[in-house]
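Asks: Quick one: the structure is below, and I'll ask about it shortly.
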Amino acid sequence: MLIRAVMTLTGDAVWSGILVANLALAAAVVLLYRFVEYQWGEAAADRAVFYLLIFPASFFGSAIYSESIFLLLSVATFSLARQRHWWEAGLTGLLAAMTRFVGLILTPVLLVEWWVQHRVEHQPEQKLKWQGLAAAVLVPVGTLVYMLYLYLMAGDALAFLKASQAWARTPASPLAAVAGLLERPAQGWAAALGAGALPLDNWLDLSFVIFFLVLGVGLLLRKYWSEAVFVLLGVLIPASSGLLMSQRRYMWVLFPAFILLALWGENRWVDRVVTVVSLMGLALFTAMFANWYWVG
């Protein structure tokens, strides 16, 4: 819808898509910097933005995908809720749920954020209570609006599920996908590796899933409850789609993980490892993307 709107100015779908994606990315970076700076300081904000932008799959934020828009709306929802602008947070959460199905995770995020502010921080004002709960209820409305849009355009409110099934994405335990990777090849591990028969791409995506799960647990241990819920659910839902494909792209929008890395990155060696590994991965994946390795 945004691309169609911008097309009235550019007259070209591709350039409109690139413009929408990159403007959303730029706005998301600004919001993320301010969000982190307010709570953890300038140095942490610098590192969080830097790590986000050099993440191996960050190029998807500049391509014609919905990642950058979802990232912008998610950061905005966190920032607004943290400042107790509940109605605005509910609206951005609603838009995030219109953008991606996984945007529904902002409902428990807002509920947890309300609980933290209302109970843990001992602010039992009636206004805070009901506005926070109402903001959480608004989020699923975005998914319902999208389903209505699909019904009007395609005659099927669940068309997005059927499209996922065409890619063999059906609900399944993440352990099932892992079990499939661990099955011993008929010719043996070494022979399969030498013949290029191992699904190394799936192994790589699995490594991103595991890494972000660890970061989610790290957020829990630091008692960053809302951020932890966002990351853990943002990992588990895509990983439960029956496929490991594209997980690295799905992980990139889970921005609280980069906040935790930024806090750890105060250590010089952690900062160097994150920087070197990320830049190497970004160079490789960007070259692959430029050579049509991915669909889009």
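The values are calculated or read from the model by the stated rules, or taken from the named source; none is laboratory data. Note that the structure is predicted; figures quoted are calculated from it, not measured. In this analysis, Cβ positions are derived from the backbone assuming ideal geometry, glycine residues included, and neighbour counts consider all displayed protein chains.
Asks: Assess whether residue 65 counts as being of a type in the set (Ser, Thr, Tyr), touching a residue at least 24 places away in the same chain (Cβ under 8 Å) and assigned to a loop (DSSP other than H, G, I, E, B). Talk me through it step by step, then tell me what you get.
Replies: Details: of a type in the set (Ser, Thr, Tyr): yes; touching a residue at least 24 places away in the same chain (Cβ under 8 Å): yes; assigned to a loop (DSSP other than H, G, I, E, B): yes.
Yes, satisfied.
Asks: Moving on. Does residue 9 qualify as being part of a helix (DSSP H, G or I) and at pLDDT below 95?
Replies: Spelling it out, residue 9 is indeed part of a helix (DSSP H, G or I) and at pLDDT below 95.
Asks: Which residue is surrounded by the fewest Cβ atoms within 10 Å (Cβ to Cβ), if the candidates are limited to segment 237-296 and must be of a type in the set (Lys, Arg) and more than 27 Å from residue 170 (Cβ to Cβ)?
Replies: It comes out as 268.
Asks: Could I ask something else about it? I'd like to verify a number: residues in segment 72-92 that are of a type outside the set (A, V, I, L, M, F, W, C) and either in contact with a Cys (Cβ under 6 Å, 6 or more places away or on another chain) or within 16 Å of residue 27 (Cα to Cα) (or both), how many? Give the derivation first.
Replies: First, the residues of segment 72-92 that are of a type outside the set (A, V, I, L, M, F, W, C): 74, 77, 79, 82-85, 88, 90, 92.
Cutting the leftovers down to either in contact with a Cys (Cβ under 6 Å, 6 or more places away or on another chain) or within 16 Å of residue 27 (Cα to Cα) (or both) gives us 74, 77, 79, 92.
Result for segment 72-92: 4.
Asks: Now for a different question. State yes or no: is residue 97 buried (at least 23 other Cβ atoms within 10 Å of the Cβ) and assigned to a helix (DSSP H, G or I)?
Replies: It is true that residue 97 is buried (at least 23 other Cβ atoms within 10 Å of the Cβ) and assigned to a helix (DSSP H, G or I).
Asks: Answer with yes or no whether residue 205 is in a helix (DSSP H, G or I), more than 24 Å from residue 73 (Cβ to Cβ), touching a helix residue (DSSP H, G or I) at 6+ places or on another chain (Cβ under 8 Å) and without any contact (Cβ under 8 Å) to a residue 60 or more places away in the chain.
Replies: When the stated conditions are applied, residue 205 passes them.
Asks: Given the criterion closer than 24 Å to residue 180 by Cβ, part of a helix (DSSP H, G or I) and among the aliphatic types (A, V, I, L, M), identify the matching residue among 243, 232.
Replies: 232
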